[in-house]
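See below for the structure under consideration.
We did not get these values from a lab; they are worked out from the coordinates using the rules stated. All values reported here derive from a predicted model rather than from experimental measurement. Here the Cβ positions follow ideal geometry from the backbone for every residue, glycine too, while neighbour counts run over all protein chains shown.
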Amino acid sequence: MQNYQAVIDIQCKLSFVYTTMGQNDKAESMLERALNIYFTLNLLEDPNLATVINSLVKLYRSQKRMDSLERLHRSHMKAMERYYGMDDIRVAHVINELAVHLSKMNKFEEAIELYEQAMNVYINQLGFQDIHVSEVLSNLAHLFSE
């Protein structure tokens, strides 16, 4: 195991312990440190990255920290764009997640732009009949129905 992987693993395990003990500030610190290692070293293909991000998402949501959640989504999107490029399907997934979050925060104009950006990537890479295009269209329809 690489040194960084051992450090990330320990931080994730400590964050779980801290969360269980109700010490969310310490759990957050551990998760943010792990995330920083992933982003700094461009370890975006590591399967455990999703676990760290999802843990932070749950923590921020439980504390109703929507601004922190938005920053997390934006950081993830920028890192993915740098690593994979703007026209990658994985980037489109992250863009769509950010758009969903912005919709919930009533930031509709930016959400629409991001939905369109994600949809264009899906159409160009997968074709207009792909399920991901349908998902984005469904998200847009939900946004316009509110």
(request) Normalising by the residue count of the chain, find the relative contact order in percent from Cα pairs under 8 Å and 6+ residues apart. (result) 14 percent
(message) Given an 8 Å cut-off on Cα distances and at least 6 residues of separation, report the relative contact order of the stretch 1-63 as a percent.
(response) 29 percent
(request) May I ask you to compute the full-extension gain from ALA50 to ILE89, defined as 0.36 nm times their residue separation minus their alpha-carbon distance, rounded to one decimal in nm? (result) 12.5 nm
(request) For a footprinting-style exposure proxy, rank LEU41, LEU143 by other Cβ within 10 Å, fewest first. (result) LEU41, LEU143
(message) Per DSSP helix of 4 or more residues, -39500 (n - 2.57); summed, then divided by the residues of the chain. What does that give at 222 nm, rounded to the nearest 500?
(response) -27500 deg cm²/dmol
(request) Please name which of TYR83, GLY127, HIS73 has its Cα lying farthest along the dipole of the chain towards the positive end, using unit charges on Cβ (Lys, Arg +1; Asp, Glu -1) and the Cα centre as origin. (result) HIS73
(message) For the chain, take the longest principal axis of its alpha carbons; what is the angle in degrees between that and the long axis of helix 108-126, to the nearest 10 within 0 to 90?
(response) 80 degrees
(request) Decide, for the chain, between rounded, prolate and oblate: order the square roots of the alpha carbon gyration tensor eigenvalues as a ≥ b ≥ c, take rounded if a/c falls under 1.5, and otherwise choose prolate if a/b is larger than b/c, else oblate. (result) oblate
(request) Please give the net charge around MET105, taking every other residue with its beta carbon less than 15 angstrom from that of MET105, where Lys and Arg add +1 and Asp and Glu add -1. (result) 0
(message) Around TYR84, under 10 Å between beta carbons, what's the net of Lys plus Arg minus Asp minus Glu among the other residues?
(response) -2
(request) Note down the net charge around LEU143, summing +1 for each Lys or Arg and -1 for each Asp or Glu among other residues with Cβ under 12 Å from its Cβ. (result) -3
(message) Between ASN3 and ASN120, what is 0.36 nm times their sequence separation minus the Cα-Cα distance? Round to one decimal in nm.
(response) 38.2 nm
